[in-house]
1. State whether the residues of segment A:125-135 include one that is surrounded by fewer than 21 Cβ atoms within 10 Å (Cβ to Cβ) and within 30 Å of B:LEU235 (Cβ to Cβ).
2. Applying the selection to segment B:210-231, what residues are within 16 Å of B:SER67 (Cα to Cα) and at the interface with another protein chain (Cβ under 7 Å from one of its Cβ atoms)?
3. Suppose we keep only residues that are without any contact (Cβ under 8 Å) to a residue 40 or more places away in the chain and open to solvent by less than 20 Å² (accessible area, probe 1.4 Å) within segment B:211-239. Which one would you say is farthest from A:LEU115 (Cα to Cα)?
4. Within segment B:255-269, can one find any residue that is at pLDDT 90 or above and farther than 23 Å from A:THR114 by Cβ?
5. If B:VAL113 satisfies every condition in (1) in a helix (DSSP H, G or I); (2) more than 10 Å from chain A (Cβ to nearest Cβ); (3) farther than 20 Å from B:THR212 by Cβ but one, which is the exception?
6. Considering (1) under 20 Å from B:GLN192 (Cα atoms); (2) surrounded by fewer than 18 Cβ atoms within 10 Å (Cβ to Cβ), say which one B:LEU87 fails and leave the rest.
7. For segment A:170-219, name all the residues that are without any contact (Cβ under 8 Å) to a residue 24 or more places away in the chain, open to solvent by less than 10 Å² (accessible area, probe 1.4 Å) and either in contact with a strand residue (DSSP E or B) (Cβ under 6 Å, 6 or more places away or on another chain) or more than 30 Å from A:LEU138 (Cα to Cα) (or both).
8. Report yes if A:ASP103 is surrounded by fewer than 24 Cβ atoms within 10 Å (Cβ to Cβ), in a helix (DSSP H, G or I), charged (D, E, K, R) and in the same structural domain as A:PRO192 (by TED's automatic domain parsing), otherwise no.
Amino acid sequence: MDPGRWLGRALIWVVMAAFVVFFALPIVWLLLAPTKTLRQLLLDGPFTVGSFDGLLQNWMDLTSYQNGLIWTWLGNSAMYSGLALIVTLAISIPAGYALALTDFRGRRTLLATTLVVMLIPNTALVLPIFLELSAVRLVGSPLSVILPFSFFPFGVYLTYIYFSTAVSRDLLDAARIDGASELRVFTRVAMPLATPVIALVGFFSFTGNWNNYFLPFVMVPGRKAPIQVGLAELLSNVPQFNPTNAASTTIDLPALALGTLFSVAPVLIIFLFSQRFLVTGMTAGGTKE
Amino acid sequence: MGVAFVTPYTLFLLAFGALPTLYAIYLAFTKNNAFVGLDNFVRVVQDYRFMPAVGHVGLYLIVWLISLIVLVVLLALAVHGVRSRRLSTSVRFIYYIPGALAGASSVLLWLFVLDPSVSPVSGLLNLLGSDSFVNTIQIDRLPVVLAIIAFWTGAGGWIVIMYGALNNIPNEVMEAARIDGAGPIKTALFVQIPLLRKWISYMVILSLAAGTQLFVEPRVLSQASRGVVPQDYSLNQLAFLFAFKQNDFNGSAAISLLLLVVALGLSVFFVFRGGLFERD
């Protein structure tokens, strides 16, 4: 191989490796930081391991903050994202199915609207939805988070694409000729084939909603907040970042790092288990923020 | 019968897509329920915080989009060139995994990374002339800082998508390029990148729309930095302040509507010009 070519290839490898470090380094740090005391965090090398006692102490600090407020926040997150997941699947899967495999008036309009709304970042609608829900006095209620979370046009689009490419109309017609009702065709023929797309829609809906900050931030502050909003509140009680804060209960940096880890743990675990399908490109288009 | 299947979804589409938009339009053009024309828009645009916020968001978008296009395409090509399947899969997964930390969590993690006293890369921060957290997030450095955070969380997903698109290029095309004597660089420039164009424009349009909405990153940084990052850094923060601090829902609706028009315009353009609708 000529030297120029060799040099080029070496350069590519260096760049690729540098970005492996860039993407992985903060996460490795996040896994280590909660095992340290504040002193260790400030003075020891960033990639040293603390101790089990240190982890335990940080765990106690974090979970005793306002009598275990962190569990309340995590519980809220689970409730909001979980219920929204159920509603999302219940409304998106039938809708995507009908758009792909049935005919009705307004089908093309609904499809076009879905595509357009799907590409709008969901943050764009947060304040308008807030203004709307405050007009009907729903702000502060769990519904003000769960209902907007359940509106997931991207899920409808994914289901639509799946049914229009993976399931043939002939198959459904065969069932119809056998005398199955439309509902039966959907539940007995289409649904059993839909497992992959249900998993896909569920994945995007749950992870997206779990990580959503802006909407719950305006809708449900305080004790009703999910962990993402709670985490930011925790931040204002960290003396290193807010020395002027006179709050009686403070949180130290390692406990804050542990809180950050708590907040991402469920999604991180889902990611690890979905590793295979995440990197195959099946997620095309799925990174809508 | 199809209608019954789409009715629940259509109701949600109306309640959380159409209705809030219409209500925002109503609020933006009225004050105390009286029609006021463009008054609300004039007021928010002339607000002393508006133009700086536009500038901040614009600068951030330029830095972020350029780095996104250049690096995502480069890294996708590099990963695609890896022969070992296991290695290629692992690298893609590592690139992708920060996507799990969207929202406030990723910003919080980056607070640590940007604070020289605890940072895993404090040496690098010192080298770049920053000896404290407040120093790292100086306002003129923010576009770069915010772009790095956004790149860290979002780029992996796009790299995977581009990788998938590169895989879809038929072998014959790549083979023909090789027979014509094209090396990896020429193949990338004249074969692969042109075939990626649709995905690149998809990435740019979605990122542009999402980037104009900037909220959580400056919001959390502002909370952590004793106001070094102002509360009104981005447009969405300003819209938030109008609603929550000034009780000016009309002004807030006006800003939201301006942002929504940008997102809607980009989206409509892509759906009808970019060929997304052709599948039907």
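The values are calculated or read from the model by the stated rules, or taken from the named source; none is laboratory data. Source: prediction; values computed, not measured. Because the Cβ atoms are built from the backbone with ideal geometry, glycine has one as well, and the counts that use them run over all protein chains shown. Quick note on the areas: whole protein, heavy atoms, side chains included, nothing else; ligands and nucleic acids left out. Shrake-Rupley method; radii C 1.70, N 1.55, O 1.52, S 1.80 Å.
1. Yes, some residue in segment A:125-135 is surrounded by fewer than 21 Cβ atoms within 10 Å (Cβ to Cβ) and within 30 Å of B:LEU235 (Cβ to Cβ).
2. Answer for segment B:210-231, where residues must be within 16 Å of B:SER67 (Cα to Cα) and at the interface with another protein chain (Cβ under 7 Å from one of its Cβ atoms): just B:ALA210.
3. B:SER222
4. yes
5. For B:VAL113, the exception is condition (2).
6. Result: B:LEU87 fails condition (1) only.
7. A:VAL185
8. The answer is no for A:ASP103.
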